[in-house]
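The values are calculated or read from the model by the stated rules, or taken from the named source; none is laboratory data. All figures in this text were calculated on a predicted structure; none of them were measured in a lab. Positions of Cβ are generated from backbone atoms using ideal geometry, with glycine treated the same way; all protein chains shown enter the neighbour counts. Surface areas here come from the heavy atoms of the whole protein model, side chains and all, with no ligands, DNA or RNA. Shrake-Rupley method; radii C 1.70, N 1.55, O 1.52, S 1.80 Å.
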Amino acid sequence: MSTPADRPGGRRPWRLGPRATQWFDAALVAGLLLLVAATLGIDQPLYVTALSGLQVLPLVWRRHRPAMAFALVWVFSGVQALVHDYPAIGQLAYPVAMYSLARFGRPRDAWVGLGLSAVATGVATYVWVMAGRYDGLPPTVEQEPLSLQLFAPYALSIGAIVVAAWALGTQARLRRAYEAALMERGERMAAEAEERTRAAAAEERTRVAREMHDVVAHGITGMIVQADGARYAAEQDPAVAVRTLGTIASTGREALTEMRRLLGLLRGTSDPELVPQPGLGELPALLAADVEAGRVRATLPDPTPTVPDGVALTVFRVVQESLTNVRKHAGPDATAEVRVREDGADLVVTVADDGHGAAGSPTSGGLGLVGMRERVAVHGGSLDVGPAPGGGWQVRARIPR
């Protein structure tokens, strides 16, 4: 027997499994045949018992070939009504065959079967009514003529059984089709939800990869620049080299901390030691080393405005990626100016350098500018990248708060 299986939003309807269905049909046919066999002990012609058995046997195919099963039952029932004046136990198979035709067959076949049943009802009613009128009476006794009042009750009673079997079969077929449609819709919605989940996961992995790119590129580039500066400064002022080495260590630790946080996101962990997403409050720490070395001039809003976390993270990443590109492409002696200001309902971020700039063209093929543009676009903002007035390169982002 089948067991209910989970589906989206509920459970599958309880149904017999294939093996249980076979056992049920076999038990139904066997039970009816036992009733037919029981009539051998009563005063009934043997051929009537044989016809009853022939009416029951086609029910074996009632699920797989309902039209053929109904046709055989209809034919044997008609023969039995014509050769014997009274109902027989085998005619119990007729409403079962009618139900099976409406339930498992095509709707057109069910309507044809209902029409044939109307004909069979009229014939059987006439035969049984006529037999009852003359049964046991001497031929000299005048009988009441056949009338509608005498015919209708029998016809309506037999017809009601047939119509009820047809209606129940039709209702079961429509219900099964409705359930199948609901399950198909639920499975389709589950597949679509799973696809959306996979797409969201892929998008999140892409976002984390860009985060990792920003962290690694910024951290390593800063460490390289500071190490180069420390190497040259060590010959003139060892104290500067010591401070620079401390800055390198601090930058490395910050990059490592962010990498651990991002790896924690990939693993799905919730380590309480992982630092939160950086925002506007972390900009001074991001710029501190470069400001102290004189490579960056920073103008930040004071007090720090309150903005959504996503906007704050986007501003931080735009500044971080822009400075990374300055170090990569602007030249060793280039300086940059970072400005973050409020302009009505927007935050405006400007990072401009005085280097040669051409190497930072958007056509250079890096992921940084693409990532910045997509981050800003998510919040409905705009990003302009190009040569700065008077030389150099400029990144300007406008992000609605």
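Could you tell me the ratio Rg/Rh of region 5-121? Both radii from Cα atoms, Rh via Kirkwood.
Taking Rg over the Kirkwood Rh, I get 1.08.
Taking only Cα atoms of region 25-69, what ratio of Rg to Rh do you get with Rh as the Kirkwood inverse-distance radius?
Ratio of gyration radius to Kirkwood radius for region 25-69: 1.05.
Using 1/(1 + (r/R0)^6) with R0 = 25 angstrom and r between the beta carbons of A167 and R63, what's the FRET efficiency to the nearest 0.05?
About 0.85, to the nearest 0.05.
Of the peptides 106-115, 302-311, how do they stack up when ordered by the mean number of other Cβ atoms within 10 Å, highest first?
The packing order, highest mean first, is 106-115, 302-311.
Which value, in Å² rounded to 10, gives the accessible area of L82 with a 1.4 Å probe and all protein chains present?
Counting only protein heavy atoms, the figure is 120 Å².
Give me Rg/Rg_expected for region 303-351, where Rg uses Cα atoms only and Rg_expected = 2.2 N^0.38 Å with N residues.
Against the empirical 2.2 N^0.38 Å value, I get 1.30 for region 303-351.
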